[in-house]
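The values are calculated or read from the model by the stated rules, or taken from the named source; none is laboratory data. Remember, predicted model here, so these are calculated numbers, not experimental data. Here the Cβ positions follow ideal geometry from the backbone for every residue, glycine too, while neighbour counts run over all protein chains shown.
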Amino acid sequence: MSEKQAFWSTNWVEINIDVEALDKVVKSKTTVVDMIEKLGPEFVTHTKKVYINLIFTTPTPKVTAGKLTSNTTIDITSTTAFRHIRAVVAKVQTLASIKTLEVILRVPKWSAAPVTMQQLQYVLPFYPLDFTNWEVKWMNGNMSIPRELPAFAMENLNKEWIKIDDELEPWRKK
């Protein structure tokens, strides 16, 4: 086993995506996908653990348990950030040895609730992955480890996925 193969098979990869910054930037010169491509074929073949942090800098409003609703009418599927996340997911789809994938929604420490429905919707591009043993977690600035999302949040996210299932599977439509 080469040094690169050993490195990717024994370490983890952490990908940070500042969702709100992506929607403010007109055109970035280098994307996360560009950086992934520079890692070489050993990355695609031997990477086993990937942690993707979707970073939100705006505090979340207080949410009543079981009453998670979108606080906006914007179609997030047309945002730059959503398209960028879809491109990252397409790269994750190519990882041949993946064993662990965690999508972590990171919110500011002063947020009143774990996450909003609008923030959760940025997880939707992960649904069509062939690798199905992935998890969604959340974390704020006061936490040292991510936590599982409340069950009602995952139920709402699953319902949202059912609504747009056909729209988010570009690599399967050939």
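Just to verify a result, which residue in segment 68-83, among those that are assigned to a helix (DSSP H, G or I) and closer than 15 Å to Met117 by Cβ, is modelled with the highest pLDDT? Walk me through it before giving the result.
At the first step, the residues of segment 68-83 found to be assigned to a helix (DSSP H, G or I) are 76-78, 80-83.
Going one step further and asking which of them are closer than 15 Å to Met117 by Cβ, we end up with 76-77, 82.
Details: Ile76: 78, Thr77: 78, Phe82: 90.
Out of the qualifying residues, it is Phe82.
Show the residue pairs that are 6+ apart or on different chains and have beta-carbon atoms under 7 Å apart, the first residue being within segment 139-158 and under 12 Å from Arg106 (Cβ atoms) and of a type in the set (S, T, N, Q), the second being at pLDDT below 90 and surrounded by fewer than 13 Cβ atoms within 10 Å (Cβ to Cβ).
If the second residue must be at pLDDT below 90 and surrounded by fewer than 13 Cβ atoms within 10 Å (Cβ to Cβ), the pairs left are Asn140/Lys109; Asn142/Lys109.
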